[in-house]
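One structure below.
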């Protein structure tokens, strides 16, 4: 059993180690979107399905000798693929943006890590089936190997954010993973060679297993398995989305939900009495009540409360779904079919969250749906085994109705004052009419973060607002640039802006100025030129040249540098870090060199660093040192304009006139002494948490 146990545990460890590793490698390519992780999870679930299908076909249709031969060939192919394509380099990075880059993400993952991942996915059910036949083990012993697999998976998840990510660069992380994969292929190969030998006579179990190994699962039971596994996948991805959109898109917040998901599998499948329905249902109902309260008061809840509330909901929800799966599992004769159907349910759940929900829903309401589904599953489970009493059923139906009413109210509150709503890969955008000035003041929200607003009164529509007022850091930089030429005429400014919002920065554009926006989300460009915001159109009416390019800012700037050379910007504005999705690739040392290549020698880099969770200033302090320039911190408050928000900007430049103007501002603050260096191969957000 040791040989099989080592191979199963190591394979599971690598399977769940590569998930956050690959996701972090490609995360910057898609603007740091929270949906990147759910799309990766969809791929991993689909690859898991392919692996389980491979294991099922292998054990059902081939003799042990042929199983071993086929599996050894697959191991060799996976080794070759690992050393040829893993980890992916920048040649896989997409150049242009799009509303739905799912196809490119799935293709990249398939081509680079598809075969090794499918092989690792097949590892646990295949080796469990081999062990059952080779050792003559009973059902209980064989299913314990599944718990061992989940423990290996859990260790892999914990190893990434706490060991690999903080200590190793992405390149070295990939090297270590590849070396461990070689060790796995050796152990799995030894197991394949072992099954070619005749199996010993089975040893009779001390007690009969309660589920006869020859009992074929009925269609109703298969549907039950699909619903339970699908609901577990939906609540995992929905909670992850909820955490990432309101907190930050970092591997730690990917790993915590997946870790809880695996723990519930370990508990449910460890032994027959580990799952207690009554305790689980009680915990679930309490977790639902707390989660709804947090959702309805989210703006006032501290970070830790949000994480704890949604994590508790995920834990008890998954424990219910996985516990009921464990209660209804078949004998080992149908073991690979059981795992295959669980994987099918997981893929269906992933498709619902990743593809169907963004197309069908205007908000992240899949969490609301799965909360209601969990109560329905409790009723279904009680009815299946005949333990549902009349009063229990009435009570649960009442809870279902009350919960549905509260969730509907939360959705109504979320959509209050909306005049336009978009949901795509990059998140949910709300255009809201102000209750204070209806029809005269509109806001753009990305999730719960406001990204811009405009006063529609004729005499105020050109006034910059929120984080972009004339007294804010970006206002100081843009007002300082259009200096007089030697003949006394106004010298036009050339400005590049990464991140658009509603185009408020264009309020500073004058005649002859050129303002170029780089925006990854096409919906943002559509809204900025729509019925409720006019900063871009007004700038063009004043004689400025305004253009918008859709795609990842770094990729577009790099392509332009190669094709046409430096843009010679007077100012570059980086405004992509105020929400939870922080695109770290825009702040690395290599990207900073790209900015300096596009700026004039005395050009200004203005970076918006307002963020309630992350302190990005140390990264920019180091960037200024690397570039032999000076950095100043401008921190403005609500008094900076007619409609102003507290805003923190870092200006990096060698222009002494600009630095002198900034230091004279009443909003000037000294830069903190701490510095943090980020590179393309190493960036760690946890050490920047406030």
Taking only pairs six or more apart or across chains, which ones have beta-carbon atoms under 9 Å, a first residue in the range 618-634 that is outside the structural domain of residue 600 (by TED's automatic domain parsing), and a second residue that is at pLDDT below 90 and crowded, with 20+ Cβ neighbours inside 10 Å?
none
Here is a list of conditions, (1) farther than 25 Å from residue 660 by Cβ; (2) at pLDDT 85 or above; (3) touching a strand residue (DSSP E or B) at 6+ places or on another chain (Cβ under 8 Å), and residue 561 meets all of them except one; can you say which number that is?
(3)
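If only one of 576, 606 is in a loop (DSSP other than H, G, I, E, B) and crowded, with 21+ Cβ neighbours inside 10 Å, which one is it?
Numbers: 606 fails: in a loop (DSSP other than H, G, I, E, B).
One residue alone meets the criteria, 576.
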Which of (1) surrounded by 18 or more Cβ atoms within 10 Å (Cβ to Cβ); (2) farther than 24 Å from residue 92 by Cα does residue 588 not meet, given it meets every other one?
(2)
Condition first: closer than 22 Å to residue 230 by Cβ, within 21 Å of the chain's Cα centre (by Cα) and at pLDDT below 90. Now tell me which residues in the range 262-314 satisfy that.
262, 263
Looking only at helices (runs of 4 or more DSSP H) that lie completely in the range 348-438, which have at least 3 residues being modelled with pLDDT of 85 or more and either buried (at least 17 other Cβ atoms within 10 Å of the Cβ) or in contact with a helix residue (DSSP H, G or I) (Cβ under 9 Å, 6 or more places away or on another chain) (or both)?
366-384, 390-415
Residue list for the range 615-629, filter: in contact with a helix residue (DSSP H, G or I) (Cβ under 8 Å, 6 or more places away or on another chain) and crowded, with 20+ Cβ neighbours inside 10 Å:
616, 619, 623
Kindly check whether there is at least one residue in the range 580-598 that is assigned by TED's automatic domain parsing to the domain that holds residue 668, under 23 Å from residue 626 (Cα atoms) and in a strand (DSSP E or B).
no
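The values are calculated or read from the model by the stated rules, or taken from the named source; none is laboratory data. As the structure is a prediction and not an experimental result, all values here were calculated from the model. Glycine also receives a Cβ, built like all others from the backbone with ideal geometry; neighbour counts cover every protein chain displayed.
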